[in-house]
Amino acid sequence: MNRVKVALCGPPNSGKTALFNALTGGRQKVANYPGVTVERKEGILATPGGKPISLLDLPGTYSLNPKTLDEKITHDVLFGSLAGETPPDLVVIVADATNLERNLSFVLEIKALNIHAVLALNMMDLATHRGMKLDLKLLEKELEIPVIPTVAIKKEGTHELFLAIDHFIDARSTRVLSKPDNSKLSYVRDRFQEVDRILSRVIITKARPTLWTDKIDKFVLHPLWGSLTLFLILGLMFQAIFNWAALPQDWIKAGIQFLKDIITHNIAVGPLRNLVVDGVLTGVGAVIVFLPQILLLFLFILFLEDSGYMSRAAFLMDRTMEKVGLHGRAFIPLLSSFACAIPGIMATRTIEHRRDRLTTILIAPLMTCSARLPIYSLLIAAFIPNTVIFGPIKLQGLVMFGLYLAGIFAALLVAYILRGVVLRGDCLPLLIELPTYKWPSLKNLGIGLFERAKIFIRRAGTIILALSIVLWFLASYPKPPVGATEPAIHYSYAGKVGYAIEPVLKPIGFNWRIGVALIPGFAAREVMVSALATVYAVEAKGEEVETRLGDILAKDWTLPTALSLLVWYIFACQCLATLAVARRETNSWFWPVFMLSYMTVLAYVGSFLTYHVASQMGL
Amino acid sequence: MQEWIAYLVVGIASLFLLKWFFFFAIAPGLSRWFLKKGKVDLAMKLRQNRSGCENCGHK
């Protein structure tokens, strides 16, 4: 039996991905702000009636006149104009029941296409909670399509939706897709009049206004108090990352040391023991201890995303962003880049004009992604004392906050220069829907953190493990000549490469060991940490294996070197995947090469200045 | 004996990195070439297996 193609579409933030996850059992990212989904996603499943279907989750759009790349994807899928894509057999329109005035217009647009459709009236629990009463039978009659009330995050209404899909498959008839010219003003005016007419008939009791959302907004959107709140939230986040993660980090360190002791006592001295202890356990262990900090960072990000605060933060930052020539819609991609630049760059599809999009793509890697966290944490813990500044505020958390702020300011400055020199043009104002505040779902937070932990551990067990093993080999072979006086690593392949690049790195205060660790750091930033651990462990010939990497660095490096490396990581584009996705999204090699070049120059100059100023100050 | 096992482990790790590099750097271009030649299945297979971001799993 051929699979029936069912597409979920609707306005942004109406819960399409939540419904997709509820129907497929998938775990696609959901959040309480518009523009989370920017790609077409597909799930294959069978209905309870045993019929195979292919379910598509499409980016949100307010109309079928696409203005941005993500909206174009939805448009092209619905009209079957994507290469190798036939139009869907059935469209499930997902509409926010609490926002029917705006959402029904899109429903009428889809209906005008003469396509088979079902309306999933989502977030019905919120609508009911706010006292809204609807005559669903009458709505069905008015729209001439089935209407199913759903609460996607609680999986309510999914059974009825499946029944409707089954019913459609059983009674399927072919329809010819029509494409009315819906851009005409008269057409739009007629559609909105029709929405008003339908709503006046089907709404029995109107929803009460969300007073508490308005009350919170009066405070958090205030130019002064709102900015202060945003600043405090971010400050609390970085304090928590340092102070709350210490205990679980100690447990992980103890576990790794326990494994090292077992290997040391059970395997005779030789290359295999060195490989496992210096390569695998030291290298991978040096990265895995940062898991609690990464999870804490994501706990905060997920909480803010789910609560609905992100759109408010975008609103607050809009004035600053406009001053440097950034489009208001750039905020969400830049915010996503705090987790990782890849989804951030992909989220720029929601930006209408190419030059605005390009500016955002070019500055997204300057936002501090989570892969930088292990490096920052390692160096801050090793070189910055954790002195109390005021109450619960400690110096290490403040320095971490400062590094994040430095990335943000650098991004704004680069955007200002780009918009003034290379990508000139007017800046469009931000138009963003502020969703109702919601208490984040514990299940959603749990799933988000579980997924993040899984990705981090898989990464440590694959690419970081493989790079640690290969680096151990390169740092251990060839063996030193007879009568050699220096540690073995000096005669190794890695040592030779390190010494070869040392003259370039010496002006910025880096020694050859940092040079060796920087190279694999291009595959994944935090590999820098495991590479440093492996290089120092191999060099120590097992004598200092039990010493923590931070303690070794504090003895071997000066403070100016550590500060210089921190500055290097704020600016350097040490991520191949970011360059690859920039190539894909800009469809050109010029922009990724430009990105790599300007970021490398910025990193080198920044590190040079930091190292020499810090040295002159006698730090 | 220990040395040979260590070499074997290093060999496997190197092959893994080569595979990662192939799907990261070579597969996208190769996929486009296969698509031009009309070999859609092969192009799709390469595209589906391409390496994404090691940090977040995004492709």
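The values are calculated or read from the model by the stated rules, or taken from the named source; none is laboratory data. Keep in mind that this is a model prediction, so the values were computed, not measured. Positions of Cβ are generated from backbone atoms using ideal geometry, with glycine treated the same way; all protein chains shown enter the neighbour counts.
Structural remarks
- A:Val399 of a type in the set (Val, Ile, Thr) and without any contact (Cβ under 8 Å) to a residue 24 or more places away in the chain: yes
- Among the residues making up the stretch A:427-457, those that are assigned to a loop (DSSP other than H, G, I, E, B) and either more than 27 Å from A:Arg354 (Cβ to Cβ) or at pLDDT 85 or above (or both) are A:Leu434, A:Pro435, A:Thr436, A:Tyr437, A:Lys438, A:Trp439, A:Pro440, A:Ser441.
- Condition met for A:Leu602 (within 26 Å of the chain's Cα centre (by Cα), in contact (Cβ under 8 Å) with a residue 40 or more places away in the chain and closer than 21 Å to A:Pro374 by Cα): no
- Considering A:Leu139, A:Leu113, A:Leu100, the condition of being at pLDDT below 90 and either within 32 Å of the chain's Cα centre (by Cα) or assigned to a helix (DSSP H, G or I) (or both) is satisfied by A:Leu100 alone.
- Qualifying residue in the stretch A:310-320 (condition: in contact (Cβ under 8 Å) with a residue 40 or more places away in the chain and hydroxyl-bearing (Ser, Thr, Tyr)): yes
- Yes/no for A:Asp261 being surrounded by fewer than 24 Cβ atoms within 10 Å (Cβ to Cβ) and within 25 Å of A:Trp225 (Cα to Cα): no
- Cβ pairs under 8 Å, 6+ apart, first in the stretch A:575-591 and farther than 18 Å from A:Glu39 by Cα, second surrounded by fewer than 19 Cβ atoms within 10 Å (Cβ to Cβ) and at pLDDT 85 or above: A:Trp589/A:Arg583; A:Trp591/A:Arg583
- Residue that is nearest to the other protein chains (Cβ to nearest Cβ) [pool: residues in the stretch A:299-313 that are crowded, with 20+ Cβ neighbours inside 10 Å and touching a Lys or Arg at 6+ places or on another chain (Cβ under 8 Å)]: A:Asp306
- When residues of the stretch A:235-248 are limited to those that are buried (at least 17 other Cβ atoms within 10 Å of the Cβ) and assigned to a helix (DSSP H, G or I), the one modelled with the lowest pLDDT: A:Phe242
- Among residues of the stretch A:59-76 that are farther than 16 Å from A:Val188 by Cβ, those with a Cβ under 7 angstrom from a residue that is basic (Lys, Arg), sequence gap 6+ or separate chain, pair up as A:Gly60/A:Lys16; A:Thr68/A:Arg349; A:Leu69/A:Arg349; A:Asp70/A:Arg349; A:Ile73/A:Arg40.
- Output for the stretch B:7-29, where each listed residue is buried (at least 16 other Cβ atoms within 10 Å of the Cβ) and more than 24 Å from A:Ser476 (Cα to Cα): B:Phe23, B:Phe24, B:Ala27, B:Pro28
- When A:Gly26, A:Gly50 are screened for being surrounded by fewer than 18 Cβ atoms within 10 Å (Cβ to Cβ) and over 30 Å from A:Arg312 (Cα atoms), only A:Gly50 passes.
- Criterion: at pLDDT 85 or above, out of contact with any Ser or Thr (no Cβ under 8 Å at 6 or more places or on another chain) and in the same structural domain as A:Val94 (by TED's automatic domain parsing) - qualifying residue of A:Lys67, A:Lys51: A:Lys51
- Residues of the stretch A:334-345 classified as buried (at least 24 other Cβ atoms within 10 Å of the Cβ), within 11 Å of chain B (Cβ to nearest Cβ) and assigned to a helix (DSSP H, G or I), total: 5
- Within the stretch A:54-74, the residues that satisfy the criterion of being part of a loop (DSSP other than H, G, I, E, B), among the hydroxyl-bearing types (Ser, Thr, Tyr) and under 15 Å from A:Phe106 (Cβ atoms) are A:Thr61, A:Tyr62, A:Ser63.
- Residue-level check: of (1) surrounded by fewer than 20 Cβ atoms within 10 Å (Cβ to Cβ); (2) touching a Phe, Trp or Tyr at 6+ places or on another chain (Cβ under 7 Å), A:Asn13 misses just (1).
- Single match in A:Phe450, A:Phe456 (criterion: free of Cβ contacts under 8 Å to residues at least 24 places away in the same chain and either among the small types (Gly, Ala, Ser) or within 14 Å of chain B (Cβ to nearest Cβ) (or both)): A:Phe450
- A single entry from A:Arg355, A:Arg419, A:Arg424, A:Arg329 fulfils the requirement of being more than 30 Å from A:Asn13 (Cβ to Cβ), touching a helix residue (DSSP H, G or I) at 6+ places or on another chain (Cβ under 9 Å), away from chain B (no Cβ under 14 Å) and touching a residue at least 24 places away in the same chain (Cβ under 8 Å): A:Arg424.
- Checking A:Lys479 against (1) part of a helix (DSSP H, G or I); (2) surrounded by fewer than 16 Cβ atoms within 10 Å (Cβ to Cβ); (3) within 12 Å of chain B (Cβ to nearest Cβ); (4) not β-branched (Val, Ile, Thr), the condition it does not meet: (1)
- Of all the residues in the stretch B:16-34, those that are at the interface with another protein chain (Cβ under 9 Å from one of its Cβ atoms) and among the aliphatic types (A, V, I, L, M) number 2.
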